[in-house]
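To keep things clear, I will list the structure first and then write my remarks on it.
What follows draws every value from the coordinates through simple rules; no lab data is involved. For clarity, every value in this text was computed on a predicted model and none was experimentally measured. Cβ coordinates were reconstructed from backbone atoms using ideal geometry, including for glycine residues, and neighbour counts include every protein chain displayed.
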Amino acid sequence: MYSDKFKQTIIREWKELGFTHFRETIWTSVLQQVHLVRIRRFFKENDIKNVDISIVIPSKNETPNLKWTNYYETSGQCISTLRECFIPANSNNIKLTFCYKSEEEEKENEIQTLNVVNTLRLVFGVTIARKLLFIRHYSTDNNEPIMHSDKAFSSSFDIQELNMFNNPDIEGLKVLKIPEEANVLLESAFTQTFPRERFILLWIAFEVIINVFYKNENNGKKREKYFKNEIKSDIINEEVKRLFSVRCEMFKEGKVKSDKEIESAGWSLYSAIQLCIMGDCMQRDAFIKGYENTISNKKIKN
């Protein structure tokens, strides 16, 4: 399905324009060969100059789609392993190849893949690129492409130790009812593989939960009232403000932080949400102190 013929054609056509590094992505699609000229015109009209598109259809069930599966050993260790399944023969797919003039340029434009795909989905329909099946990277100097479908990634939520606290015992904690809408969002957040999607869902769930406490204030006032007046912690209130800035950069400005930075923000946001469902008790007091220490230690390291 994805023989070196495709790679050599791309290299030959794009090398003359100064492109040397390539990110090839395969998506399930209903797009037909006859439509390609219109998509290419769309790229030209919108100054998308470094993307090649074609239709690929495997003739046999021999092209592997590699998926990472996480599981736990009896010791609690999180293990990531590759699971291989095959892309169906005669299935219709599109190949989008992103071309760059250096390895650095490719790394700086990682978000471009999603940007172009979502632009196509919003203009032509979601089924133009429904599901990502396959990614590989290659260059004019590298004859052995690096191939993958998923990134091997164990998040803080995958390797989290259980909260089996003592003095006071965690099982004595009093909890508040989680709003129905927040339950749906939290379920979606905890099943996400990658940190950006999880952070967005966690933030919306956070807003839903805070809204239960103060319905007649704007969101900023609600958060400040809760963490300054109810939790009585300036440290945590400032941390929530920082998380709000991360949220604004993503939601309003379209700025995307690195996986490491957003994973850290998501982990801190998870702690803030934990506090929001805790009633006034000794266990909550202990959690507040622990969260404050984590925030303070992180500032010292940074």
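So for each of 292-299, 236-243 I average, over its residues, the number of other beta carbons within 10 Å; can you give me the resulting order with the highest mean first? Write out the running numbers ahead of the final one.
Details: 292-299: 12.9, 236-243: 18.2.
Output ranking for 292-299, 236-243: 236-243, 292-299.
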Segment 258-300: Cα Rg divided by the 2.2 N^0.38 Å rule of thumb: 1.27
Crossing angle, helix 195-213 versus the chain [Cα axis fit, 0-90 degrees, rounded to tens]: 30 degrees
Ranking of L162, L275 by count of other Cβ atoms within 10 Å, fewest first: L162, L275
Separation between Cα centres of segment 236-302 and segment 101-126, rounded to whole Å: 30 Å
Packing-based exposure ordering (other Cβ within 10 Å, fewest first) of I11, I87: I11, I87
Summed residue charge, Cβ within 15 Å of R284's Cβ, Lys/Arg positive, Asp/Glu negative: -3
Size of electric dipole in the chain: Cβ of Lys, Arg +1 and of Asp, Glu -1, about Cα centre, debye, nearest 20: 820 debye
Cα-based helix-to-principal-axis angle, 112-124 vs the chain, degrees rounded to 10: 80 degrees
Positive-end residue, the chain charge dipole about Cα centroid, Cβ charges, pick of I53, N216, S264: I53
Cα-based helix-to-principal-axis angle, 234-251 vs the chain, degrees rounded to 10: 20 degrees
Assigned charges on the beta-carbon of Lys, Arg, Asp, Glu; segment 239-302 dipole about Cα centre (debye): 220 debye
Cross-link pairs K174/K289; K177/K232; K232/K257; K241/K301; K221/K260; K225/K255 - those with Cα-Cα distance over 23 Å: K232/K257; K221/K260; K225/K255
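Once you order the gyration tensor axes a ≥ b ≥ c over the Cα atoms, which shape class does segment 170-301 get: rounded for a/c under 1.5, otherwise prolate or oblate by comparing a/b with b/c?
Numbers: a/c = 1.40, a/b = 1.22, b/c = 1.15.
Rounded, since a/c falls under 1.5.
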Charge dipole (segment 170-301, unit charges on Cβ, about Cα centre) - positive-most of Q274, Q192, F227: F227
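Over all directions, what mean area does the Cα convex hull of segment 4-148 project, stated in square nanometres? Write down the numbers at each step before the final one.
Numbers: hull surface 42.3 nm².
For the Cα atoms of segment 4-148, the hull's average projected area reads 10.6 nm².
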Cβ-placed point charges (K, R +1; D, E -1), dipole of segment 170-301 about Cα centre in debye, nearest 20: 380 debye
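Could you list L17, L133 in order of exposure, starting from the residue whose Cβ has the fewest other Cβ atoms within 10 Å?
Values: L17 10, L133 18.
Ascending number of Cβ neighbours within 10 Å: L17, L133.
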From the coordinates shown, Kirkwood radius over Cα pairs in Å corresponds to which of (i) 22.5; (ii) 19.5; (iii) 24.0: (i)
Summed side-chain charge close to E181 - residues other than E181 whose Cβ falls under 15 Å, Lys, Arg +1, Asp, Glu -1: -1
